[in-house]
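Heads up: the structure comes next, in structure tokens.
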Amino acid sequence: MRPFEQIVADYGPMVLRVCRAVVGPDEAEDAWSETFLAALKAYPRLDEGANVEAWLVTIAHRKAIDATRAAARRPVAAGPLPERAASAGRPEDWDGDLWAALAALPAKQRAAVAYHYLAGLPYAQIAAITGGSTDAARRAAADGIKTLRATYLARTREGEGR
Amino acid sequence: MMATMEPEARDLLSPLLVPDEQAAARLHAWLAAAAAAEGILDVAYRTIDTPLGALLLAATEQGLVRVAYPNQGHDAALAQLAELVSPRILNAPARLDGVARQLDEYFAHQRRAFDVPLDLRLSRGFRHRVLTHLRQIPYGATESYAQVAAATGHPRAVRAAGTACATNPVPIVVPCHRVVRSDGSPGGYAGGPGAKRSLLTLEAA
């Protein structure tokens, strides 16, 4: 079994991207931390041949659901959040327009997009994590990308035109 | 599988694909501290620079469990710890601060004995008894392999005493470098013969 340090080095960045896409910039690092602490705890019992990406994303998925439920229980902040400046797709500003567009997706679509395009999981694996059929997972990812294309790309192009 | 990502989806999500080294370092440090606090950091390790090259230091909750020279392969040493102790291993320097400082002092001629808890679980039976004896050889002194064998009550086990020294999991801190051949020549060493000569020279100064 590989030292867990290797797991953090090999998959930590992927899990952070997934957490950022699924729960957003403010909750992402908490979700990552809880995911890796739970993974470290369970690691000695993981099967030698297990798919580590799928295992970590499964844990992250549960942590994201917990985080969403906790957020729902928290009192709503007074007033609307300040609007972020349009980022025109600059990578350092990913948490502006891209997160706004991801946050607007239904949770299943956001998860399917993140698990397929950021974690590289096949749709059958995603279906096992989120529930539902493989076809439903494929459709959720396709619909999510389609909506992102319309909302996020339109917004950044608008930003460039300004 | 990332390679099969449709180019347009990759473009859409490209802001998320930018590496974030700062976040990675911050999260790693948090994980190491939280794991130690929860008692699930079975092996913590770090490396230190010394005149003999980078040394890997690893400790369990009981104490120092491994010191590895560059020529022994740090990755191989970590793989062995994962196999024989636990795969819950993180690069987490805090647990090694004490031994790292004492090794710095040793190489600077400011320390003659190490005062750190040891976990000698990687050496069992006769080898363990040999290591226990080695800790009693004082700084600057040497013994022959035959003397070590005799001191552990097995005067004919000279070769086994040599093997026990060669497989010492915590060299320098348990001073197997102070065991030399009966003719006075240094003999073999985990860190290579040059490292052994350097340590004997250091302690003779």
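The values are calculated or read from the model by the stated rules, or taken from the named source; none is laboratory data. Bear in mind the structure is a predicted one, so any value in this text is a computation, not a measurement. In this analysis, Cβ positions are derived from the backbone assuming ideal geometry, glycine residues included, and neighbour counts consider all displayed protein chains.
Tabulated results
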{"read-out": "Sole residue being of a type in the set (A, V, I, L, M), in a loop (DSSP other than H, G, I, E, B) and at pLDDT below 95, chosen from A:78, A:70, A:100", "value": "A:78"}
{"read-out": "Number of positions in region B:119-161 that are in a strand (DSSP E or B) and either within 20 Å of residue B:72 (Cα to Cα) or β-branched (Val, Ile, Thr) (or both)", "value": "0"}
{"read-out": "Complete set of residues in region A:21-61 that are within 9 Å of chain B (Cβ to nearest Cβ), part of a helix (DSSP H, G or I) and not small (Gly, Ala, Ser)", "value": "A:29, A:32, A:36, A:37, A:40, A:41, A:43, A:44, A:53"}
{"read-out": "Count of region A:1-20 residues which are hydroxyl-bearing (Ser, Thr, Tyr) and within 7 Å of chain B (Cβ to nearest Cβ)", "value": "0"}
{"read-out": "For residue A:64: the one exception among (1) at pLDDT below 95; (2) within 14 Å of another protein chain (Cβ to nearest Cβ); (3) touching a helix residue (DSSP H, G or I) at 6+ places or on another chain (Cβ under 6 Å)", "value": "(2)"}
{"read-out": "Residues (closer than 26 Å to residue B:205 by Cα, crowded, with 18+ Cβ neighbours inside 10 Å and without any contact (Cβ under 8 Å) to a residue 24 or more places away in the chain) located in region B:148-185", "value": "B:177"}
{"read-out": "Close pairs (6 angstrom Cβ cut-off, 6 or more residues apart or separate chains): closer than 12 Å to residue A:14 by Cβ in region B:13-29, among the aromatic types (Phe, Trp, Tyr) and not in a helix (DSSP H, G or I) anywhere", "value": "B:16/A:94"}
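Here is a yes/no grid of residues against (1) among the aliphatic types (A, V, I, L, M); (2) in a helix (DSSP H, G or I); (3) under 18 Å from the mean Cα position of the chain (by Cα); (4) not assigned by TED's automatic domain parsing to the domain that holds residue B:68:
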position	(1), (2), (3), (4)
B:163	no, yes, yes, yes
B:168	no, no, yes, yes
B:177	no, yes, yes, yes
B:184	no, no, no, yes
B:187	no, no, no, yes
B:195	yes, yes, yes, yes
B:199	yes, yes, yes, yes
